[in-house]
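Undergrad: A single structure is presented below for examination.
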Amino acid sequence: MTERIDVKKTYKLFINGKFVRSESGYSYEILDAKSNFVANVSLASRKDARDAVSAARAASKAWNGLTAYNRGQILYRIGEVLESRRAQLVSELVQVDGLTEKRAHRVIDLAVDRLVWYAGWADKLAAIVGSNNPVAGPFFNFSVPEPSGVVSVIAPSRDSLLGLISTIAPVIVTGNTAVVVTSYALPITAITFAEILATSDVPAGVVNLLTGDYAAIGPWLAEHQDVDAIDLTGAENPEKAAELEALAAVNIKRVLRPKTEDWESNPGVERMRYWLETKTVWHPIGF
Amino acid sequence: MTNFEYAPALESTSVVNLREHYGLFIDGKFVSPISEEFAPTLNPATGDVLTQYAVGNEADVDAAVRAAQRAFPRWSKLPGSERAKYLYRIARILQERAREFAVLETLDNGKPIKETRDFDLPQVAQHFFYHAGWADKLEYAGYGNNPQPHGVAGQVIPWNFPMLMLAWKIAPALAAGNTVVLKPAETTPLTALLFAEVCQQADLPKGVVNIVTGAGATGASVVTHPGVNKVAFTGSTAVGQKIARSIAGTKKQLTLELGGKGANIVFDDAAIDQAVDGIVNGIFFNQGHVCCAGSRLLVQESVADEVLQKLQNRISLLRVGNPLDKNTDVGAINSAAQLARIQELANSGDLEGAERWSSPCELPTTGFWFPPTIFTNVSASHRIAREEIFGPVLSVLTFRTPAEAIEKANNTPYGLSAGIWSEKGSKVMAVANALEAGVVWINTFNKFDPTSPFGGYKESGYGREGGIAGLASYLKAAN
């Protein structure tokens, strides 16, 4: 009897809700923790990044237009589907990321709980960060948070899954859309996460995932006029991070500088606040 | 000739499986009542007996409170993220079984399926979903980094929104880490008992939620039980006063959501057609069995005739009848007792000189029914302008100036809700500021959301439900 030959998955980019190869035709080799070949992963190009920004911009209005309750349910749904993909993700985290099985399970626990935690913020954050302002005059004056728009995320290079989710969730729960450059060395779980997004009622374009090198694509995103903010968390080379931050000044992008993060601890509301504008409304009171 | 009559469009009741008897839900299972007493619950649209439910006595309540006390240490010490998961499960199961709940609610309560299906049950699921999200974020509720639950919450709810009031009570209580003994209303116990099954499906730890059915005496036992740390009541102001007296001198925390006599104020610069729709919604939604109903229409004199004419036309088109029909707008009055109260108050309106107009609709011959009704020539001293009717009866008063409207709107011991209809922004804001009401709707009415605090000023109660203010009612600062 001959041994069955299994079918390998093609790893592609995730842009506008579709899995596409890089328009450049380039790919790069991913080896597992024991240096065995795993896959040729698409190497995202400048054009791919620009397509992703277009998709994120196009998705922005409808995504922010959903009720906060609805957005919360969709984030919760991502958590539900992630939990159902546990076995696959554990095996990827063990094989590619080199985690122990126990540690891999712990990462999934944290990732699901993180998504559920952020899901709950969708319809609560405005009550925490918004305000009614008692101005000294006959005016009803209130401040509400609104999303910045399209946020580019340089995802952490290690913690390929938990770091990815912990950077994406605060961007989208607040009504922003995301263009994400995933970990260069550990992109496999990111693509599985894209498959989870694709089956969790997340509208096309809300999250776009580019596998590749942030040093190469990052500048295009940092200087892109239609990107409103950039998360440099995964830009671990300080010189590169400084270069990206300087480029981001072109349209006054909001910049989150890289810092060491403990992805296991309670994230607090800080990351969500980064991706929010404050709108203050004045209205007269009187007959 | 074109026939505009509607064909009947009855919702099937096959999704509901009623048992012959219902026990009490204590410590995670259904048990026979120690009282050995049962009572019938009726379908108010027909007067038929649906099933028998247990009437819990003091010993039954004691068993429930003890179960809640036993469950409290573990439940309150669970990480919030784990309590959240139970509440999310409950929210999801309620979404999955929404139609079953909607049909059962309509059968037991008499309200139209359109409302249970499109309003009550979606709101119920949303309440659990919203409060699930709070369970692991309690440090943001305003009581510092380590807020604490009260302990056992004794909750007594009314019959007008049986499942929604259950959700308003149970969801925040559990999110904050309290355990619960809930007493549903005696005319609408069934969806609460079905909710007990949801708790079982969600594997909620036993004793965290206990449901003790019964009437006023059962509720009094819940409220006065020494093991209850927090009392939450929704119902009449008269019973609220009794409860406030009965817990005086104890350490029990209390929130009350009581009656109302909401003013719906229509200015001459309102969008009249929208206002008319809002007036209809304000008083005839849920047969007027709504504590925050806009039961007093205050309309500016210059547009009073126009508003009344349009209002009568609109009300004549309301479809009153079988609540299971998907086209029904106004269903049955919940009970014979409530019908008698509505009739008595309406008769007082006639006697005191107000002018009655009722929709010319045909009413079913069995069950409890009252046609949508308007009283004009109402003066502020009339009983129908002062007392809560809790039925489909609107009292109309007029005013000339905004100051007079505000004066009349606030001329009530109640302070739950109010509505303002005007296209002039600065004016509506000024009127909203001047109204003594816990909820003010501008160019809308009867809007509810778990993120939005609800509750009354003055004799309409204290404490809020919904939003951070509602969550705070179930928390205290760490010692």
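The values are calculated or read from the model by the stated rules, or taken from the named source; none is laboratory data. Note that this is a predicted model, so its numbers are computed, not measured. Counting neighbours? That spans all protein chains shown, and the Cβs are built from the backbone with ideal geometry, glycine included.
Undergrad: Hey, among the residues in the stretch B:316-343 that are touching a residue at least 12 places away in the same chain (Cβ under 8 Å) and surrounded by fewer than 18 Cβ atoms within 10 Å (Cβ to Cβ), which one's nearest to B:V49 (Cα to Cα)?
TA: Only one residue tops the list, namely B:A336.
Undergrad: Identify the single condition in (1) buried (at least 19 other Cβ atoms within 10 Å of the Cβ); (2) modelled with pLDDT under 95 that A:V207 does not satisfy, given that it satisfies every other one.
TA: So A:V207 meets the others, but not (2).
Undergrad: Here's a follow-up. Could you list, in sequence order, all residues of the stretch A:58-73 that are in contact with a strand residue (DSSP E or B) (Cβ under 7 Å, 6 or more places away or on another chain) and under 15 Å from A:A122 (Cβ atoms)?
TA: A:W63, A:N64, listed by residue number.
Undergrad: So which residues in the stretch A:99-120 are crowded, with 20+ Cβ neighbours inside 10 Å and within 7 Å of chain B (Cβ to nearest Cβ), if there are any at all?
TA: The answer is A:V116, A:W117, A:A119, A:G120.
Undergrad: Scan the stretch B:432-442 residue by residue and report those that are away from chain A (no Cβ under 14 Å) and either surrounded by fewer than 16 Cβ atoms within 10 Å (Cβ to Cβ) or of a type in the set (V, I, T) (or both).
TA: B:V439
Undergrad: Under the condition of being within 12 Å of another protein chain (Cβ to nearest Cβ) and over 17 Å from the mean Cα position of the chain (by Cα), which residue from the stretch A:74-96 is nearest to A:L125 (Cα to Cα)?
TA: Going through the qualifying residues, I end up with A:E80.
Undergrad: Mind checking whether some residue in the stretch B:198-213 is among the basic types (K, R) and either modelled with pLDDT under 95 or over 13 Å from B:L166 (Cα atoms) (or both)? Show your work before the answer.
TA: We begin by selecting, within the stretch B:198-213, every residue among the basic types (K, R); these are B:206.
From what's left, either modelled with pLDDT under 95 or over 13 Å from B:L166 (Cα atoms) (or both): B:206.
Looking through the stretch B:198-213, at least one residue is among the basic types (K, R) and either modelled with pLDDT under 95 or over 13 Å from B:L166 (Cα atoms) (or both).
Undergrad: Could you look through the stretch B:447-463, keep only residues that are touching a residue at least 40 places away in the same chain (Cβ under 8 Å) and within 14 Å of chain A (Cβ to nearest Cβ), and pick out the one that is farthest from the chain's Cα centre (by Cα)?
TA: Among them, the one singled out is B:T451.
Undergrad: Please enumerate the residues belonging to the stretch B:159-198 that are within 19 Å of B:G455 (Cα to Cα) and among the β-branched types (V, I, T).
TA: B:I170
Undergrad: Could you tell me which of the residues B:E362, B:E388, B:E407 is surrounded by 20 or more Cβ atoms within 10 Å (Cβ to Cβ) and either among the acidic types (D, E) or at pLDDT below 95 (or both)?
TA: Values: B:E362 fails: surrounded by 20 or more Cβ atoms within 10 Å (Cβ to Cβ); B:E407 fails: surrounded by 20 or more Cβ atoms within 10 Å (Cβ to Cβ).
Just a single option satisfies the conditions, and that option is B:E388.
Undergrad: Another question about this same structure. Can you report the number of residues in the stretch A:121-146 which are within 15 Å of A:G175 (Cα to Cα) and either hydroxyl-bearing (S, T, Y) or more than 12 Å from chain B (Cβ to nearest Cβ) (or both)?
TA: Final tally of qualifying residues: 3.
Undergrad: Could you name every one of the helices (runs of 4 or more DSSP H) located completely within the stretch B:76-188 that has at least 1 residues being within 14 Å of another protein chain (Cβ to nearest Cβ) and among the basic types (K, R)?
TA: Here the list reads B:80-96.
Conditions tested, residue by residue: (1) under 18 Å from the mean Cα position of the chain (by Cα); (2) buried (at least 19 other Cβ atoms within 10 Å of the Cβ).
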| position | (1), (2) |
| --- | --- |
| B:L204 | no, yes |
| B:A215 | yes, no |
| B:G227 | no, no |
| B:R245 | no, no |
| B:D277 | no, no |
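Undergrad: Residues being over 20 Å from A:Y118 (Cα atoms) and free of Cβ contacts under 8 Å to residues at least 12 places away in the same chain: count how many of those fall in the stretch A:43-74.
TA: The number of residues fulfilling the criteria is 1.
Undergrad: On the basis of being touching a helix residue (DSSP H, G or I) at 6+ places or on another chain (Cβ under 6 Å), assigned to a helix (DSSP H, G or I) and farther than 22 Å from B:A59 by Cα, does B:V198 make the cut?
TA: yes
Undergrad: So in the stretch B:3-41, with the set limited to residues that are β-branched (V, I, T) and farther than 19 Å from B:N327 by Cα, which one is surrounded by the most Cβ atoms within 10 Å (Cβ to Cβ)?
TA: B:I26
Undergrad: With the structure loaded, tell me whether B:A270 is over 20 Å from the mean Cα position of the chain (by Cα) and small (G, A, S) or whether it fails that test.
TA: yes
Undergrad: I would also like to ask the following. Do you know which residues across the stretch B:410-431 are among the hydrophobic types (A, V, I, L, M, F, W, C), more than 14 Å from chain A (Cβ to nearest Cβ) and more than 18 Å from B:V303 (Cα to Cα)?
TA: B:L416, B:A418
Undergrad: List the helices (runs of 4 or more DSSP H) that sit entirely inside the stretch A:97-189 and contain at least 2 residues that are within 22 Å of A:E80 (Cα to Cα).
TA: Numbers: elements: A:101-121, A:125-129, A:162-173.
So the answer is A:101-121, A:162-173.
Undergrad: Only one of B:A185, B:A171 is crowded, with 24+ Cβ neighbours inside 10 Å and within 13 Å of B:L87 (Cβ to Cβ); which? First the steps, then the outcome.
TA: Numbers: B:A185 fails: within 13 Å of B:L87 (Cβ to Cβ).
B:A171 is the lone residue from the list that is crowded, with 24+ Cβ neighbours inside 10 Å and within 13 Å of B:L87 (Cβ to Cβ).
Undergrad: Within the stretch A:1-32, which residues are under 22 Å from A:S91 (Cβ atoms) and in a loop (DSSP other than H, G, I, E, B)?
TA: Those that are under 22 Å from A:S91 (Cβ atoms) and in a loop (DSSP other than H, G, I, E, B): A:E3, A:R4, A:I5, A:D6, A:V7, A:K8, A:K9, A:T10, A:K12, A:D32.
Undergrad: Output the number of residues of the stretch A:269-287 satisfying the condition of being within 14 Å of chain B (Cβ to nearest Cβ), over 17 Å from the mean Cα position of the chain (by Cα) and under 25 Å from A:E146 (Cβ atoms).
TA: Of the residues in the stretch A:269-287, 5 are within 14 Å of chain B (Cβ to nearest Cβ), over 17 Å from the mean Cα position of the chain (by Cα) and under 25 Å from A:E146 (Cβ atoms).
Undergrad: Select, from A:G149, A:G175, the only residue that is crowded, with 17+ Cβ neighbours inside 10 Å, more than 14 Å from chain B (Cβ to nearest Cβ) and under 23 Å from B:D449 (Cβ atoms).
TA: Just a single option satisfies the conditions, and that option is A:G175.
Undergrad: To continue, here is another question. All but one of (1) within 14 Å of chain A (Cβ to nearest Cβ); (2) surrounded by 15 or more Cβ atoms within 10 Å (Cβ to Cβ) hold for B:F370, so report the exception by its number.
TA: For B:F370, the exception is condition (1).
Undergrad: Restricting attention to the stretch A:33-52, and to residues there that are modelled with pLDDT of 95 or more and in a loop (DSSP other than H, G, I, E, B), which single residue is nearest to A:T10 (Cα to Cα)?
TA: A:L43
Undergrad: Would you be able to tell me the number of residues in the stretch A:102-128 that are over 17 Å from B:L471 (Cα atoms) and either at pLDDT below 95 or more than 19 Å from the chain's Cα centre (by Cα) (or both)?
TA: 5
Undergrad: Which residue out of B:Q309, B:Q300 is farther than 28 Å from B:A7 by Cβ and without any contact (Cβ under 8 Å) to a residue 24 or more places away in the chain?
TA: The match here is B:Q309.
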